[in-house]
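The values are calculated or read from the model by the stated rules, or taken from the named source; none is laboratory data. Please read these numbers as outputs of a predicted model, since none were measured by experiment. Here the Cβ is made from the backbone with ideal geometry for all residues, glycine too, and neighbour counts use every protein chain on show. Please note that ligands, DNA and RNA were not included when accessible areas were found on the heavy atoms of the full protein model with its side chains. Shrake-Rupley method; radii C 1.70, N 1.55, O 1.52, S 1.80 Å.
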Amino acid sequence: MPRIGVFVCQCGNNIAATVDTKKVAEEMGKLPGVVYTCDYKFMCSSPGQEMLRQAIKENKLDGIIVSACSPHMHEKTFRKAAEGAGLNPYQCEITNIREQCSWVHHDKTKAAGTVKSIDLTRMTIQRLKKNQPLKKIKIPVKKKAMVIGGGIAGIQAALDIAEGGREVILVEKEPSIGGNMARLSETFPTMDCSQCILTPKMVEAELNENITLYTYSEVEKVDGYIGNFTVTVRRKSKYVDEERCTGCGECIEKCPFKVDSQFELGLNKRKVIYTPFPQSVPNVPVIDAPNCTKIQKDKCGACAIVCGPKCIDFKMEDKLVTEEVGAIVVATGYQNMPNERFGEYGYGRIKDVISGMQFERLASSSGPTGGEIRRPSDGKIPQSVVFIQCVGSRDEKKGVSYCSKICCMYTAKHTKLYSHKVHGGQSYVFYMDIRSGGKRYEEFVRGAIEHEGAMYLRGRVSRVYEKNGKIMVQGADTLSGNQVEIEADMVVLATAVVSRDGADTLAQRLGIGYDKYKFYNEYHPKLKPVETVTAGIYLAGTCMGPMDIPESVAQGSAAASKVLALFSADEMAREPITSVVNRTTCNACWDCVTACPYTAIEREAIKDRQGNVVRWVAKVNDGVCQGCGVCVAACRSKSIDLKGYTDEQVFAAINAF
Amino acid sequence: MEHMKIPYYPGCTLNTVAKQFDTSAREAASIIGFEMKELSQWNCCGATFPLTPDNVIGLTAPAKVLSSARKEGDTLTTLCSVCYNVLKRTNKVIRDNKEKRNVINGFIEEEYDGSVNILHYLEVLRDKVGFDKVKGAVKRPLKGIKAATYYGCMLLRPFEDIGIDKAESPTIFEDLLRALGAEPVEFANKIECCGAHLAMNNEEVVTNLSGKVMTSAVDAGAELIVTTCPLCQFNLEKSQPRVAESDTGYTPVPVVYFTQALGLALGQDIETLGFEKNSSDIMPLLKKKGIA
Ligand SMILES: Cc1cc2nc3c(=O)[nH]c(=O)nc-3n(C[C@H](O)[C@H](O)[C@H](O)COP(=O)(O)OP(=O)(O)OC[C@H]3O[C@@H](n4cnc5c(N)ncnc54)[C@H](O)[C@@H]3O)c2cc1C
């Protein structure tokens, strides 16, 4: 006969106002197997917990029920208290008589609430009788992390993890780390030069002994689970031996072919053997194979001839490497929406209509014009510039419905940069609303308007066209109620921040979620902002949505602290609520494999003594299983059960009703 | 391409004041190798697509046209931008909105389901014939003529309903003119409104808007303006003398239907193209370019 104790909580008046807790306790005491009952004002208080421990010991209880609030609130508390008294924590069950009972009943006579509480508690008692003691799952943790994406968010995460004494592999798909921030000129709100604050971090990442850089590399495959991931990385051939290259740049100098530079967004050319920008880390050039005549047609080879350390190898091939890591931080960043989508603004048709990012390059001292604002068509200094905001943002029809958040700020920055660099030049900004929430942000925008002469016009632009060598911008000024037409020398479009091409493929490889815009989903938007639903995979920066540098950096550090916390113990304890397969009845239909959202179910071969495969069965990987129970519902032969929520337990509860 | 017969809806204007648009199109079609088979039964399209969503009665006239087209094939071509716009949008409502479909069918006593594919003549040339083939049929290239391709608004918008080309940066019209040997010019107001029906009661707005279309075309170097819509054609031609009067720097240019330009390039007898019905005169330009 079991020895069960029932503890009914009054929760001050939260429960007691509509439930007669004393009556519930009394009624429960009449049931077979129940040897102890009581009700108390606050079960979760220290005296309440102490009472619970005492009762377990004195009455030799082998299972307890706490009828109180939702298990989300205090299941952990009470299980811990029970464990303190020597009971298996999974022999403690909670009946929710608050959220699902007392709070929804208004009957002050307590009739309805009491009856319902009795029913609910009785069900839990029958369920408890079928409980099996469970043991926490211990998972060994590999104390090495991988960061995917070497923008500012990823660099910050890698540096912090390395600083915490753990090894990190930083995987970046471009030839250099740095991301979009490497393209920026000065940065709001403090106007410090982007390269000046970024380069030291890039170099630190290169020199830190705990960080291994895999540039020009991409993640191909991810297996395993928290603490134990196996990641396959494709290290694309650079055609240059990284170990031996001294970064002298001779090869770049001698290469006779030029193509458009992606880094400069087409504003400049680069060689076919190249580093994306002068401060690249690592300072090792790569050969752009599709454009290289040596690789394509076996002609030229000038770079190899001049290379001192002889580190160019035209036959070099991609390498696949496998890494075992305990945690992954995803920081793959953003891109800008293609401007060509907005024909009315003339991008692609009119040469001097450029994107905000292109403007950053024009303003950057390491950019194609050495930091002078010169328009692409003829190199002239534009005397008037129109900035158009919300190109694609807040535009459900042609773009995206969200606000890209950073454009109000960087457009104000652009007008400032312009007024500093082109004295007497006039800037105009067409905006919908000015969104400048953030420390010292509003002041920054006001400064642009009030002190630096930017002319802000509230309204949309309907058309941009050329007339007599000028760019005519037609739009509305909704504050004065007039149509306006501005003659400009250059137009800058603040295009929406969108997710990267291929963001969905990477998410599928990692088993993390994303929204309809392919931005990655955090576990909880407020309380778990850098976690994902897949344990051990964390997020940082603009792969989650538009944000600025301060926020990206904060998230990089937040993700790193999560990783370091995980790595602080050798083993990780996990709730044992996972599913188990009955190997005798499993008929290997694999419906569970298809249904499992966490890829936690594997196919296991059962072999005879000679090692021949006799049959196949499903096997649940305890490290990955999140205990959602989908496989249980999917299993046609009823061969899967969820520990802690077995069919037997659930049916017992239902029968008691 | 085997001999193609396409059911054709001329609409009222092409049957009356824009006769030259109709005849030149039919003639050009027969030279290229397809036939425009006029619907045996048709009525006015209503000339505006009702913007109030519950105005179903306004959709019955175009619905009648569509249901009679359905009896003659699965495609329907038309030339006037307004007809095209009204028919295409009505068709979409009937196809996608079951409730309205039932009401409309109740009114017109037909069972029409929205399955006719409505093509503008330009789309027939681009998608069914192919501009390459049109180019191959050119006998009298419009060489050296800088032409402004004036789309107006009805042909392109709203994009979700019409979709003939990118609404803000279309090229279909230029591509045709290029195939005919002309040089299309890029001009600011090529997809702006001409003033449309305001011709009835507010001439000033029409003169202003049409004036902007023409000045921006001429400023961009156009020697000829080509249109796809009788209302645009009417408004431009009507406004041109006034624009010339108030703007001394403005040189008037001939305004023609694209099918007239097409017929010209295909080598049709110039006399048959109905240029005399236009109020602007194209002949001096043709002489200057050595085309006529
Ligand atoms: C015009 C403009 C001006 C701006 N000005 C400012 C400013 O003044 N101040 C400010 O605070 N913010 C500014 N921002 C915002 C700033 O650019 C971002 O906040 C910041 O760069 C985000 O960094 P990130 O690391 O999240 O992403 P990114 O910089 O995009 O870095 C992501 C990195 O991941 C790599 N990557 C992507 N996919 C993969 C993959 N599958 N595998 C491996 N690597 C991958 C990319 O190559 C890249 O290096 C501006 C933005 C724009 C568009």
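With the structure loaded, tell me whether A:Ile381 is open to solvent by 50 Å² or more (accessible area, probe 1.4 Å) and assigned to a helix (DSSP H, G or I) or whether it fails that test.
On the way: open to solvent by 50 Å² or more (accessible area, probe 1.4 Å): yes; assigned to a helix (DSSP H, G or I): no.
So A:Ile381 fails the test.
Which condition number does A:Gln262 fail, the rest of (1) within 14 Å of the ligand (Cβ to nearest atom); (2) under 24 Å from the mean Cα position of the chain (by Cα); (3) without any contact (Cβ under 8 Å) to a residue 24 or more places away in the chain being met?
Going through (1) within 14 Å of the ligand (Cβ to nearest atom); (2) under 24 Å from the mean Cα position of the chain (by Cα); (3) without any contact (Cβ under 8 Å) to a residue 24 or more places away in the chain one by one, A:Gln262 breaks only (2).
Pick from A:Phe277, A:Phe257: which is in the same structural domain as A:Asp313 (by TED's automatic domain parsing) and buried (at least 18 other Cβ atoms within 10 Å of the Cβ)? Before the answer, list the steps.
Numbers: A:Phe257 fails: buried (at least 18 other Cβ atoms within 10 Å of the Cβ).
Selected residue: A:Phe277, the only one of A:Phe277, A:Phe257 that is in the same structural domain as A:Asp313 (by TED's automatic domain parsing) and buried (at least 18 other Cβ atoms within 10 Å of the Cβ).
Which members of the stretch A:171-212 meet the condition of being in a loop (DSSP other than H, G, I, E, B), near the ligand (Cβ under 10 Å from one of its atoms) and under 27 Å from A:Leu506 (Cα atoms)? Quick ask: steps written out before the conclusion?
In the first step, residues of the stretch A:171-212 are kept if they are in a loop (DSSP other than H, G, I, E, B); the result is A:172-178, A:184-185, A:188-191, A:208-210.
Filter once more, keeping what is near the ligand (Cβ under 10 Å from one of its atoms): A:172-178, A:184-185, A:188-191.
Those that are in a loop (DSSP other than H, G, I, E, B), near the ligand (Cβ under 10 Å from one of its atoms) and under 27 Å from A:Leu506 (Cα atoms): A:Glu172, A:Lys173, A:Glu174, A:Pro175, A:Ser176, A:Ile177, A:Gly178, A:Leu184.
Regarding A:Ile486, is this residue part of a loop (DSSP other than H, G, I, E, B) and either in contact (Cβ under 8 Å) with a residue 40 or more places away in the chain or not small (Gly, Ala, Ser) (or both)? Before you say what the answer is, go through the steps one by one.
Numbers: part of a loop (DSSP other than H, G, I, E, B): no; either in contact (Cβ under 8 Å) with a residue 40 or more places away in the chain or not small (Gly, Ala, Ser) (or both): yes.
Taking the combined requirement at face value, the residue does not satisfy it.
Tally the residues that are buried (at least 18 other Cβ atoms within 10 Å of the Cβ) and part of a helix (DSSP H, G or I), restricting the search to the stretch B:176-211.
Of the residues in the stretch B:176-211, 10 are buried (at least 18 other Cβ atoms within 10 Å of the Cβ) and part of a helix (DSSP H, G or I).
Tally time: how many residues in the stretch A:538-549 are within 6 Å of the ligand (Cβ to nearest atom) and either of a type in the set (Phe, Trp, Tyr) or surrounded by fewer than 22 Cβ atoms within 10 Å (Cβ to Cβ) (or both)?
Total meeting the criteria: 2.
State which residue is nearest to A:Lys467 (Cα to Cα) when the search covers only the stretch B:154-175 and only residues that are away from every other protein chain (no Cβ under 12 Å) and open to solvent by 20 Å² or more (accessible area, probe 1.4 Å).
In this case the residue turns out to be B:Asp175.
Here are some conditions: (1) in contact with a Cys (Cβ under 9 Å, 6 or more places away or on another chain); (2) crowded, with 24+ Cβ neighbours inside 10 Å. B:Ala265 meets all but one. Which one does it not meet?
Single failed check for B:Ala265: (1).
When residues of the stretch B:29-39 are filtered for being assigned to a strand (DSSP E or B), open to solvent by 30 Å² or more (accessible area, probe 1.4 Å) and under 17 Å from B:Gly130 (Cα atoms), how many remain? Steps first, please.
Of the stretch B:29-39, the ones assigned to a strand (DSSP E or B) are B:34-38.
Narrowing further to those that are open to solvent by 30 Å² or more (accessible area, probe 1.4 Å): B:35, B:37-38.
Pick out the ones that are also under 17 Å from B:Gly130 (Cα atoms) and you get B:35.
Residues flagged as assigned to a strand (DSSP E or B), open to solvent by 30 Å² or more (accessible area, probe 1.4 Å) and under 17 Å from B:Gly130 (Cα atoms) within the stretch B:29-39 amount to 1.
Is the stretch B:197-211 home to any residue that is within 12 Å of chain A (Cβ to nearest Cβ) and within 23 Å of B:Tyr121 (Cα to Cα)?
There is no residue in the stretch B:197-211 that is within 12 Å of chain A (Cβ to nearest Cβ) and within 23 Å of B:Tyr121 (Cα to Cα).
Any residue at all in the stretch A:157-170 that is within 30 Å of A:Lys643 (Cβ to Cβ) and either within 16 Å of the ligand (Cβ to nearest atom) or aliphatic (A, V, I, L, M) (or both)? Outline the logic, then answer.
From the stretch A:157-170, those within 30 Å of A:Lys643 (Cβ to Cβ) are none; that's our starting set.
Scanning the stretch A:157-170 turns up no residue that is within 30 Å of A:Lys643 (Cβ to Cβ) and either within 16 Å of the ligand (Cβ to nearest atom) or aliphatic (A, V, I, L, M) (or both).
For the stretch A:439-447, does any single residue satisfy the condition of being modelled with pLDDT under 95, open to solvent by less than 60 Å² (accessible area, probe 1.4 Å), in the same structural domain as A:Ser393 (by TED's automatic domain parsing) and not small (Gly, Ala, Ser)?
The answer is no; no qualifying residue exists.
List every residue pair whose Cβ atoms lie under 9 Å apart, where the two residues are 6 or more positions apart in sequence or sit on different chains, the first residue falls within the stretch B:44-61 and is closer than 15 Å to B:Lys88 by Cα, and the second residue, located anywhere, is in a loop (DSSP other than H, G, I, E, B) and of a type in the set (Val, Ile, Thr).
Partner pairs satisfying both residue conditions: B:Pro50/B:Val56; B:Gly58/B:Thr48; B:Gly58/B:Thr52.
Can you name every residue in the stretch A:310-354 that is away from chain B (no Cβ under 14 Å), in a strand (DSSP E or B) and open to solvent by 10 Å² or more (accessible area, probe 1.4 Å)?
Pass one, the stretch A:310-354, residues away from chain B (no Cβ under 14 Å): A:310-337, A:352, A:354.
With the extra rule that they be in a strand (DSSP E or B), the set shrinks to A:312, A:319-325, A:327-330, A:334-336, A:354.
Result: A:Ile312, A:Lys319, A:Leu320, A:Val321, A:Thr322, A:Glu323, A:Glu324, A:Tyr334, A:Gln335, A:Asn336.
Please determine, by comparing only the residues of the stretch B:129-153 that are part of a loop (DSSP other than H, G, I, E, B) and hydrophobic (A, V, I, L, M, F, W, C), which one is nearest to the other protein chains (Cβ to nearest Cβ). So that I can check it myself, show each step before the final result.
Step one: filter the stretch B:129-153 for residues part of a loop (DSSP other than H, G, I, E, B), giving B:130, B:137-145, B:151-153.
Pick out the ones that are also hydrophobic (A, V, I, L, M, F, W, C) and you get B:137-138, B:142, B:145, B:153.
Numbers: B:Ala137: 30, B:Val138: 27, B:Leu142: 23, B:Ile145: 21, B:Cys153: 12 Å.
Residue satisfying both the conditions and the ranking: B:Cys153.
So if I check each of A:Glu487, A:Glu452, which one is in the same structural domain as A:Val353 (by TED's automatic domain parsing), more than 30 Å from A:Glu172 (Cβ to Cβ) and within 16 Å of the ligand (Cβ to nearest atom)? Show your work before the answer.
Working: A:Glu487 fails: within 16 Å of the ligand (Cβ to nearest atom).
When all the criteria are applied, what remains is A:Glu452.
Can you report the number of residues in the stretch B:40-61 which are open to solvent by 70 Å² or more (accessible area, probe 1.4 Å), assigned to a loop (DSSP other than H, G, I, E, B) and of a type outside the set (S, T, N, Q)? Steps first, answer last, please.
Taking the stretch B:40-61 and keeping what is open to solvent by 70 Å² or more (accessible area, probe 1.4 Å), we get B:40-41, B:48, B:51-54, B:57.
Subsequent filtering for residues that are assigned to a loop (DSSP other than H, G, I, E, B) retains B:40-41, B:48, B:51-54.
Adding the requirement that they be of a type outside the set (S, T, N, Q) leaves B:51, B:53-54.
Looking only at that region, the number is 3.
Regarding A:Ser579, is this residue over 22 Å from A:Ser404 (Cβ atoms) and either open to solvent by 30 Å² or more (accessible area, probe 1.4 Å) or within 16 Å of the ligand (Cβ to nearest atom) (or both)? Let's see the steps before the verdict.
Values: over 22 Å from A:Ser404 (Cβ atoms): yes; either open to solvent by 30 Å² or more (accessible area, probe 1.4 Å) or within 16 Å of the ligand (Cβ to nearest atom) (or both): no.
It is false that A:Ser579 is over 22 Å from A:Ser404 (Cβ atoms) and either open to solvent by 30 Å² or more (accessible area, probe 1.4 Å) or within 16 Å of the ligand (Cβ to nearest atom) (or both).
If we keep just the residues of the stretch A:528-537 that are within 16 Å of the ligand (Cβ to nearest atom) and part of a loop (DSSP other than H, G, I, E, B), which is surrounded by the fewest Cβ atoms within 10 Å (Cβ to Cβ)?
Taking the stretch A:528-537 and keeping what is within 16 Å of the ligand (Cβ to nearest atom), we get A:529-530, A:532, A:537.
Going one step further and asking which of them are part of a loop (DSSP other than H, G, I, E, B), we end up with A:529-530, A:532.
Values: A:Pro529: 17, A:Val530: 24, A:Thr532: 23.
Checked the stretch A:528-537; the qualifying residue surrounded by the fewest Cβ atoms within 10 Å (Cβ to Cβ) is A:Pro529.
Are any of the residues in the stretch A:213-225 in a loop (DSSP other than H, G, I, E, B), more than 15 Å from the ligand (Cβ to nearest atom) and not assigned by TED's automatic domain parsing to the domain that holds A:Gly623? Show your work before the answer.
First pass over the stretch A:213-225, keeping only residues in a loop (DSSP other than H, G, I, E, B): A:215-216.
This time we only want the ones that are more than 15 Å from the ligand (Cβ to nearest atom), so: none.
Within the stretch A:213-225, none of the residues are in a loop (DSSP other than H, G, I, E, B), more than 15 Å from the ligand (Cβ to nearest atom) and not assigned by TED's automatic domain parsing to the domain that holds A:Gly623.
What number of residues within the stretch B:1-28 are more than 12 Å from the chain's Cα centre (by Cα), of a type in the set (S, T, N, Q) and buried (at least 22 other Cβ atoms within 10 Å of the Cβ)? So that I can check it myself, show each step before the final result.
Let us first name the residues in the stretch B:1-28 that are more than 12 Å from the chain's Cα centre (by Cα), namely B:1-9, B:12, B:15-17, B:19-20, B:23-24, B:26-28.
Going one step further and asking which of them are of a type in the set (S, T, N, Q), we end up with B:15-16, B:20, B:23-24.
Imposing the further condition that a residue be buried (at least 22 other Cβ atoms within 10 Å of the Cβ) reduces the set to B:20, B:24.
Residues in the stretch B:1-28 being more than 12 Å from the chain's Cα centre (by Cα), of a type in the set (S, T, N, Q) and buried (at least 22 other Cβ atoms within 10 Å of the Cβ): 2 in total.
Looking at (1) under 19 Å from A:Val473 (Cβ atoms); (2) surrounded by fewer than 19 Cβ atoms within 10 Å (Cβ to Cβ); (3) within 12 Å of the ligand (Cβ to nearest atom), which is the only condition A:Val391 fails?
Exception for A:Val391: condition (2).
Matching residues to (1) open to solvent by less than 10 Å² (accessible area, probe 1.4 Å); (2) more than 25 Å from A:Gly247 (Cβ to Cβ); (3) in contact with a His (Cβ under 6 Å, 6 or more places away or on another chain):
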{"position": "A:Ala112", "(1), (2), (3)": "no, yes, yes"}
{"position": "A:Asn131", "(1), (2), (3)": "no, yes, no"}
{"position": "A:Ile139", "(1), (2), (3)": "yes, yes, no"}
{"position": "A:Gln156", "(1), (2), (3)": "no, no, no"}
{"position": "A:Pro175", "(1), (2), (3)": "yes, no, no"}
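Looking at the stretch A:436-490 only, could you name the residues that are away from chain B (no Cβ under 14 Å) and closer than 25 Å to A:Gly379 by Cα? Working first, answer last.
Filtering the stretch A:436-490 for residues away from chain B (no Cβ under 14 Å) gives A:436-459, A:476-482, A:484, A:489-490.
Across the stretch A:436-490, the qualifying residues are A:Glu452, A:Gly453, A:Ala454, A:Met455, A:Asp489, A:Met490.
Is it the case that B:Val129 is surrounded by 15 or more Cβ atoms within 10 Å (Cβ to Cβ), out of contact with any strand residue (DSSP E or B) (no Cβ under 8 Å at 6 or more places or on another chain) and not basic (Lys, Arg)?
Working: surrounded by 15 or more Cβ atoms within 10 Å (Cβ to Cβ): yes; out of contact with any strand residue (DSSP E or B) (no Cβ under 8 Å at 6 or more places or on another chain): no; not basic (Lys, Arg): yes.
So B:Val129 fails the test.
Any idea which residue in the stretch A:396-415 is nearest to the other protein chains (Cβ to nearest Cβ), counting only those that are within 14 Å of the ligand (Cβ to nearest atom) and of a type in the set (Lys, Arg)?
A:Lys405
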